[in-house]
Each structure stands twice: as C-alpha cells, then as structure tokens.
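Input: one structure, supplied below.
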C-alpha cells in the first residue's frame with residue numbers, strides 16, 4: 001500500500017490532471033453526449049429507469065402496475081438511491097481518453113456474475129448491457145467493454161489472469177467484481193483483504209481507473225456468515241486505496257428490503273445469480289455512475305480538493 005503522504009499526493013495529482021483536461025472534455029460532452037441532470041441531493045435522489053419485464057423470471061413478468069416496482073406498462077422499475085450508485089473518485093483516465101477522442105476500453109473481470117451466469121444469453125450479461133448504455137450516453141465514441149468473467153473464480157484466480165486478460169487489453173477502466181465465491185466457500189476474510197490490496201495496486205499500476213463491485217444480495221449469499229464482513233472489507237479497502245466502489249450488495253438489498261421486490265424478480269432460480277432484469281438494471285446504474293464520474297466538474301479541486309462535489313447529477 002501507499003503511505004498516507006503518497007496517497008494524499010496521488011489525490012492532488014489526480015485533481016490537477018483533471019483540471020487540465022476538464023475544459024476540453026466538457027465542450028465535447030456537452031455537444032455529443034446525453035446530459036446528466038440532477039434534481040435532489042445524494043441522500044434523497046433516486047434513479048428510475050423502466051426496464052421491460054420480458055426476459056426475466058415468470059414472477060417478474062407477472063407484476064401488475066399496483067405491485068411495488070411496477071409501472072403502468074407492466075414493466076419493473078430499475079431504481080436505486082443515488083448515494084448507493086455514485087462514485088466518490090472521478091474517473092481521471094476514462095475522462096482523459098474521452099476528452100482526447102480516443103477509443104475507450106473497459107475490462108470487466110470477475111467470476112460468474114460477470115461472465116453472465118443466470119442470463120438468457122451472453123448479450124444479457126452486465127458487461128454487454130453496459131457497453132450499450134455507455135454508447136448511448138456518449139454517441140459517436142468508440143467504447144468497448146470486454147467481459148473477462150470466469151465461473152467459480154476467486155480473487156487469487158483473477159489476479160493470476162491480470163496479465164493476459166487485463167493488462168494486455170490496455171484498458172482505461174477496470175471493473176473488478178470480487179468476494180462472492182470466497183464467502184460461498186467459507187474462506188477466512190483476513191487473507192482476502194491482503195490479496196485485494198495487492199490486486200488493486202497492480203491494477204492501478206497499469207494506469208487504469210479501478211472500480212470494485214461487491215457481492216450480490218441473494219439468498220445463497222445471505223446464508224453465509226461472512227457475507228457482511230466481506231462487504232465491509234471491500235468497502236474499507238476501496239476507501240484506503242482511493243478507488244471507487246459500486247455497492248451492488250446495498251443496491252440489491254434496497255430492491256428487496258425497501259422497494260419490496262421479490263427475489264424472483266432479480267435473482268435466478270438457483271437463488272444465487274442475477275437474471276436478465278437485474279443485469280440490465282446493474283448496467284443502467286453502473287453506466288450512469290461511470291458517465292457522471294468521467295465528466296465531473298473537478299477543476300476547482302486543483303486548489304481545494306476537499307470541495308469536489310459529492311452530489312451527482314442524475315438523468
């Protein structure tokens with residue numbers, strides 16, 4: 001890990017870099033990309049997107065407009081509190097690539113929920129859906145999302161593939177989904193924490209932005225005693241390493257506990273993996289977070305880093 005002074009310096013350096021490229025990117029983004037507008041604070045705002053119920057489980061299709069999460073057209077609403085689907089750190093390398101008009105390469109590395117287990121086809125996996133979302137937000141940009149998910153893998157297995165599956169692609173953004181299989185196999189948390197720090201350092205050394213994705217909120221995962229500890233460990237590590245975290249566990253918990261959606265709506269019949277609807281919703285929310293963090297007005301941070309806004313705009 002970097003020392004406290006080194007970490008602080010890195011934050012200032014990132015802010016200064018953002019200041020030099022933001023003006024050019026803002027002009028490009030305003031002209032070509034769909035604008036992201038906000039109406040509420042990070043504590044109050046909720047993102048809503050209607051996704052068709054087709055391709056989901058029978059229970060999802062059967063939702064009526066009066067059911068929680070359903071719309072008048074019979075679709076289930078994809079939504080999450082903004083503070084759960086927002087990145088604290090600006091995506092500097094992603095922003096620079098878009099500002100320069102260069103192709104953007106994103107690598108999604110992980111296990112079965114990255115590979116797309118539970119989806120009806122490879123096109124319904126979250127990396128495939130994310131590519132569609134980002135191309136819609138940045139029309140005319142050359143954006144590639146590579147799916148490097150492998151069923152059953154744990155953190156060490158993924159790290160062994162970094163060279164061939166991540167570094168070789170020269171990505172500007174890496175989405176690293178971790179933690180689920182370690183929990184399912186009842187492995188201790190301490191070794192995983194060490195591995196996670198090492199893996200993040202290796203990814204940061206490639207010059208890419210890094211986003212972690214924590215486990216899914218699903219019955220098979222909830223049955224394990226170390227689940228909450230794993231979620232907390234990933235969040236703490238992301239904070240210590242100054243990388244972003246997509247809080248998948250909290251987002252899916254909100255679907256179930258707050259929006260009162262049945263697990264049948266967003267979890268496959270195996271009670272573990274996501275389904276077409278939840279992969280599409282994950283991609284929608286993740287795409288929004290990426291787009292905002294890659295176009296955030298951070299020029300003022302060159303002088304006052306603490307003044308970077310934590311209130312994202314939402315579409």
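No value in this document is a laboratory result; all are computed from the given coordinates. Being a predicted model, the structure only gives us computed values, none of them experimental. Using ideal geometry, Cβ is built from the backbone for each residue, glycine included, and neighbour counts are taken over all protein chains shown.
List, largest first, the extents of the alpha carbons of segment 64-221 along their principal axes, each in whole Å.
Largest first, segment 64-221 extends 49, 46, 31 Å along its Cα principal axes.
Over all directions, how big on average is the projection of the convex hull of the alpha-carbon atoms in segment 154-207, in square nanometres? Walk me through the numbers before you get to the answer.
Numbers: hull surface 14.1 nm².
Computed as one quarter of the Cα hull surface, the answer is 3.5 nm².
Below 8 Å between Cα atoms, with a sequence gap of 6+, how large is the relative contact order for segment 167-289 in percent? Let's see the in-between values first.
On the way: 139 pairs, mean separation 32.2, N = 123.
Over segment 167-289, the number comes to 26 percent.
Under a crude label model (7 Å from the Cα following the beta-carbon direction), how far is residue 194 from residue 258 in nanometres?
3.7
Between residue 236 and residue 161, what is the label-to-label distance in nm when each label sits 7 Å out along the Cα-to-Cβ direction?
So the label points at residue 236 and residue 161 sit 2.8 nm apart.
Rg to Rh ratio, segment 148-276, alpha-carbon atoms and Kirkwood radius?
Numbers: Rg = 14.8 Å, Rh = 15.3 Å.
Value, to two decimals: 0.97.
Further, regarding this structure: Rounded to the nearest 0.05, what FRET efficiency do residue 202 and residue 228 give with R0 = 22 Å and r taken as the Cβ-Cβ distance? Could you check? Working shown, then result.
Numbers: r = 27 Å, r/R0 = 1.23.
E between residue 202 and residue 228, to the nearest 0.05, is 0.25.
Still on this structure: Any chance you could check the Cα centroid distance between segment 109-151 and segment 237-268 for me, in angstrom?
With segment 109-151 and segment 237-268 each reduced to a Cα centre, they are spaced 18 Å.
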